[in-house]
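The values are calculated or read from the model by the stated rules, or taken from the named source; none is laboratory data. Remember, it's a predicted structure, so these values are computed and weren't measured experimentally. Using ideal geometry, Cβ is built from the backbone for each residue, glycine included, and neighbour counts are taken over all protein chains shown.
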Amino acid sequence: MDKQIEKTSQRKKEHLELSLKSDVSFKTKSNGFEFYDFVHDAATEVDLSKISFETKFFKKKVNFPFIISCMTGGTSEAENINAQLAVAAEELKIPIGVGSQRQALENQKYKNSYSVIRKNASTVPLLGNLGAAELVKFKSFDSIKVLIDLIEADVFVIHLNPLQELLQKEGTPDFKGLLNSLKRLTREIKIPVIVKEIGSGISAKVAKRMLDSGVKGIDVAGAGGTSWAAIEMLRNKSNVNDYFWDWGLPTSFCLREIKKLKKKYDFLLIGSGGINSGIEAAKAFALGSDFVASARTVLKQLDLSGVDGVKNLITDWFETIKKIMFLTGSNSLNKLRKKKLIRREILY
Ligand SMILES: Cc1cc2nc3c(=O)[nH]c(=O)nc-3n(C[C@H](O)[C@H](O)[C@H](O)COP(=O)(O)O)c2cc1C
């Protein structure tokens, strides 16, 4: 048992190390935002000083529609990282996710690496997290309720990661029964359920199936940012295959398609997957995101310049978004969401 705990913990450690030290970005595919441009409003009457980003994440008020994506837990390094990310989230008043809580189900050793988030972020929305491959194994959801209590989660995220399960040497590429499990989960737990990918994107068809199962949020986590195929292939050392390295639907494409479901369904659309600047975040909003989220760039910033670095990064992005709102004549994010972006090749 101890050996198994340490193996899982070692895997989490390798994920962190590769994310921080290796180039695990997509190589030939981008998130697609560079193909879009804003429509300049030369007669803008927006008062920059009046722009506010305050909004609600489900029931809780937050200062920015920005989520620190689910990342880590289950290894000793994770405790310090999660503690610091939580301080940044609490001070910025934004939601934050934990990494897969699977390890907390299997043993007590690294429980603090998860609970430390609630300890340091007592008021902001927290997102619990577990993979689809685990979910489908449960007959009862009592253990998910334990995970929710462990961090007093406000929402629970199920991550869909078929490519990672396929390439990871310890992976279980078996999601049989997923829709049924999701339907039961959304009925049985009291908090909203979100589904997210981890870098290969979610199509409108899949999003519709998820929403029909009772899910209240879709985080597209599209292609163009962190490649989880890259991380697992580098862990495997042999077997690096460029085709799978770049597998997936670009973030901008996912948003454009899933946004259309807003006509019929009431849900939170989260734009993520390679959101690495205020410009990309602004384009994600203009393509219909209610919230945006970012993972590896935030982690790298923490590594480079600590809690203040993370806070500055996120506030700088929203300063850029403000400038874009001024230049597009959008006095609220809702107005920006209604502005049509122009495909570059049509514009020029
Ligand atoms: C070190 C690290 C660990 C991650 N672990 C998880 C996880 O446990 N559960 C999850 O849903 N996503 C996990 N992710 C995926 C991110 O939440 C995100 O969806 C993905 O990295 C794409 O976003 P990015 O391009 O901003 O990095 C992890 C990401 C990183 C960088």
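Is it the case, given these coordinates, that V310 is away from the ligand (no atom under 11 Å from the Cβ), in contact (Cβ under 8 Å) with a residue 40 or more places away in the chain and in a helix (DSSP H, G or I)?
In short, yes.
Output the residue which, of all residues in the range 38-56 that are in contact with a strand residue (DSSP E or B) (Cβ under 7 Å, 6 or more places away or on another chain) and closer than 22 Å to D316 by Cβ, is surrounded by the most Cβ atoms within 10 Å (Cβ to Cβ).
T55
Identify, from the list I67, I81, the residue that is modelled with pLDDT of 95 or more, surrounded by 24 or more Cβ atoms within 10 Å (Cβ to Cβ), within 20 Å of A221 (Cβ to Cβ) and not hydroxyl-bearing (S, T, Y).
Sole residue among the options that is modelled with pLDDT of 95 or more, surrounded by 24 or more Cβ atoms within 10 Å (Cβ to Cβ), within 20 Å of A221 (Cβ to Cβ) and not hydroxyl-bearing (S, T, Y): I67.
Could you identify the single residue in D303, D316 that is out of contact with any Ser or Thr (no Cβ under 8 Å at 6 or more places or on another chain), at pLDDT 95 or above and farther than 19 Å from P95 by Cα?
Result: D303 is the single residue among D303, D316 that is out of contact with any Ser or Thr (no Cβ under 8 Å at 6 or more places or on another chain), at pLDDT 95 or above and farther than 19 Å from P95 by Cα.
For the range 246-256, indicate whether the set of residues that are over 30 Å from K145 (Cβ atoms), within 16 Å of the ligand (Cβ to nearest atom) and free of Cβ contacts under 8 Å to residues at least 40 places away in the same chain is non-empty.
Yes, some residue in the range 246-256 is over 30 Å from K145 (Cβ atoms), within 16 Å of the ligand (Cβ to nearest atom) and free of Cβ contacts under 8 Å to residues at least 40 places away in the same chain.
Any chance you could count how many residues in the range 234-258 are aromatic (F, W, Y) and assigned to a loop (DSSP other than H, G, I, E, B)?
Number of matching residues: 1.
Within the range 281-294, can one find any residue that is within 13 Å of the ligand (Cβ to nearest atom) and more than 14 Å from V220 (Cβ to Cβ)?
No: zero hits.
When the residues of the range 259-290 are filtered to those that are among the aliphatic types (A, V, I, L, M) and outside any helix (DSSP H, G or I), which remaining residue is nearest to A204 (Cα to Cα)?
Filtering first and then ranking leaves L269.
Consider F175 against the criteria (1) more than 12 Å from the ligand (Cβ to nearest atom); (2) not in a loop (DSSP other than H, G, I, E, B): it satisfies all of them except one. Which criterion is unmet?
Looking at each condition in turn, F175 falls short on (2).
Can you give me the number of residues within the range 216-228 that are touching a residue at least 60 places away in the same chain (Cβ under 8 Å) and within 12 Å of the ligand (Cβ to nearest atom)?
9
Considering only the range 282-306, state which residues are touching a residue at least 60 places away in the same chain (Cβ under 8 Å) and among the aliphatic types (A, V, I, L, M).
Residues satisfying the conditions are A282, A284, A286, L287, V292, A293, A295, V298, L299, L302.
Yes/no per residue for (1) within 16 Å of the ligand (Cβ to nearest atom); (2) modelled with pLDDT of 95 or more:
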residue	(1), (2)
L135	yes, yes
V157	yes, yes
K196	yes, yes
A204	no, yes
A207	yes, yes
I231	yes, yes
K237	no, no
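Working only within the range 48-77, note down all residues that are closer than 15 Å to A121 by Cβ and small (G, A, S).
Result: S69, G73.
Taking interchain pairs and intrachain pairs at least six residues apart, which have beta carbon atoms under 6 angstrom, with the first residue in the range 181-195 and farther than 15 Å from D154 by Cα and the second among the aliphatic types (A, V, I, L, M) and in a loop (DSSP other than H, G, I, E, B)?
That search, which allows pairs on different chains as well, returns S181/V136.
Residues in the range 22-30: is at least one touching a residue at least 12 places away in the same chain (Cβ under 8 Å), buried (at least 20 other Cβ atoms within 10 Å of the Cβ) and within 16 Å of the ligand (Cβ to nearest atom)?
Checked against the condition, which is being touching a residue at least 12 places away in the same chain (Cβ under 8 Å), buried (at least 20 other Cβ atoms within 10 Å of the Cβ) and within 16 Å of the ligand (Cβ to nearest atom), the range 22-30 yields at least one hit.
Among the residues of the range 132-147, is any under 21 Å from K216 (Cα atoms), surrounded by fewer than 16 Cβ atoms within 10 Å (Cβ to Cβ) and touching a strand residue (DSSP E or B) at 6+ places or on another chain (Cβ under 7 Å)?
The answer is no; no qualifying residue exists.
Restricting to the range 6-21, what's the tally of residues that are more than 9 Å from the ligand (Cβ to nearest atom) and either crowded, with 17+ Cβ neighbours inside 10 Å or among the basic types (K, R) (or both)?
The qualifying residues number 6.
Among the residues of the range 281-316, count how many are at positive phi and over 18 Å from the mean Cα position of the chain (by Cα).
Result for the range 281-316: 1.
So if I check each of R102, R118, which one is of a type outside the set (F, W, Y) and in contact (Cβ under 8 Å) with a residue 60 or more places away in the chain?
Of the residues listed, the single one that is of a type outside the set (F, W, Y) and in contact (Cβ under 8 Å) with a residue 60 or more places away in the chain is R102.
For the range 332-347, which positions are outside any helix (DSSP H, G or I) and buried (at least 17 other Cβ atoms within 10 Å of the Cβ)?
K339, L341
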